[in-house]
Structures are given as structure tokens and as C-alpha cells.
Amino acid sequence: METWDAIRSRRDVRQFSERPIADAHLERVLDAGRRAPSAGNLQPWDFVVVRDRDQLQALAGVWQGAGHVAGAQAVIALVSSVPGDEMQRSILAFDLGQATMVMALAAADLGIASAHSAVEDQAKAQGVLAFPDGKFLAFMLSVGYPAGRPLAVIDRPDRRPYADVVHQGRW
Ligand SMILES: Cc1cc2nc3c(=O)[nH]c(=O)nc-3n(C[C@H](O)[C@H](O)[C@H](O)COP(=O)(O)O)c2cc1C
């Protein structure tokens, strides 16, 4: 897929088919995340890939909006060190957002859909993923082929109009 088509095709898909993702394709998605830029090139992330159905179902319970994880072919769990202050917290959010987005686009490029999930229950997340103390599960990205219509370019996205968002020169 062309980059511009991948950008326009990506959407959050929350129902996945049973078609497995090839290992090489999942590795490409993860490698895309690894290549993401970060403040000071600190790369403040570890990616825990979960494909086991029992683990996926358990992770679906870490947040009320995590239900899609249960039926995903895999979830990429973005684990970070707990930030020390507000500045670190906001930079971390930016870095993780970039890593997440580049993985979502690398997936879309392969026709693989994704969905974000926030995380609330850190104790449950640590129980499933066994990350060390001092780390936390920041976000999850479900991946899989869509159960319904495949990814395709969205001509009219559910977004604010271009002219409302883009300001030329001054506000
Ligand atoms: C930081 C962030 C957190 C999100 N958390 C969740 C979530 O917990 N559960 C969920 O189903 N979707 C979550 N989403 C997905 C958004 O709801 C989705 O991107 C938005 O509704 C636009 O949908 P679209 O990209 O398919 O057009 C999250 C997105 C972002 C960027």
C-alpha cells in the first residue's frame, strides 16, 4: 500500500477475524515502533507481544475500553518506566503516541487493522505481563485482520473539517 493510502485507511477496528498474522508481518510492525523517534532518542519503551488467548482475555479486563483486546490476533503492550514528574509524563505520552502511530500505519500498510486501548488496572496488567516493579503498562495496541470490511481508503473521515483545523499564518 502507498503511505498516503495507509494513512487514509487506518481506523480503529474492534472486531477481528480469526486469520492469523504472519510472524514476519508482526515483526515488521514491531520494528516500525522500535524505529520511532523519541525525545533525546531515549526510546522509553518495551513492547510485550501477546498472542495467547487466555492472556489476551485477561488483558481485556484492565480497562473498560479494552474489550477489543480479547478477540485480537495479538496485542502490543507498550511498557515504560513510571515518569518522575509532569514534564517526563508529557514527553513520554508524546513518544509513546509516535511509536503507537507508526505501528498502526505499518500494520495498515499490510492490511492489518489495529485498535488503541488505555489501561487502568496496573496490578492486573503486571500480573499478566510480569513486567518489573517501576514499570507500567501505558497503552495497548490490538492488531488483527478486520472481521468486517477490509481496510480501504476512507474518503470522508469522521474528523473536523480541514478548514476548521488548519490555520494559515495566524490563528
Ligand atoms: C490516546 C488514545 C487512547 C485511546 N483509548 C482507547 C480505548 O481505551 N479503547 C478504545 O476502544 N479506543 C481507544 N482509542 C481509539 C479512539 O477512540 C479512536 O482513535 C477515535 O475514536 C477515532 O477513531 P478512528 O481512528 O477509527 O476514526 C484511543 C485513542 C487514543 C489516541
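Where a number appears in this text, it was derived from the coordinates with a stated rule and is not lab data. For clarity, every value in this text was computed on a predicted model and none was experimentally measured. Using ideal geometry, Cβ is built from the backbone for each residue, glycine included, and neighbour counts are taken over all protein chains shown.
Below, the figures for the structure above:
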quantity: The range 1-68: trypsin sites (Lys or Arg not before Pro) in DSSP loop, at most 12 other beta carbons within 10 Å; calculated: R35
quantity: Loop GluC sites (Glu not before Pro), the range 1-67 (other Cβ atoms within 10 Å of the site Cβ: 11 or fewer; DSSP); calculated: E2, E18
quantity: Rg/Rg_globular for the range 30-149, with Rg_globular taken as 2.2 N^0.38 Å and Rg from C-alpha atoms; calculated: 1.02
quantity: Stretch gain in nm, segment A22-R89, where the contour uses 0.36 nm per residue and the Cα spacing is subtracted; calculated: 20.7 nm
quantity: Solvent-free Debye scattering, log10 I(q)/I(0), computed from the Cα coordinates of the range 93-171 at q = 0.26 Å⁻¹; calculated: -1.22
quantity: Pairwise centroid distance, computed over Cα atoms, of the range 117-150 with the range 81-111, Å; calculated: 13 Å
quantity: Highest average packing first - 117-123, 94-100, Cβ atoms within 10 Å; calculated: 94-100, 117-123
quantity: Residue-averaged [θ]222 nm for the chain, counting only DSSP H segments that reach four residues, each worth -39500 (n - 2.57); calculated: -11000 deg cm²/dmol
quantity: Long-range amide H partners of F139 with built H, under 5 Å; calculated: L78
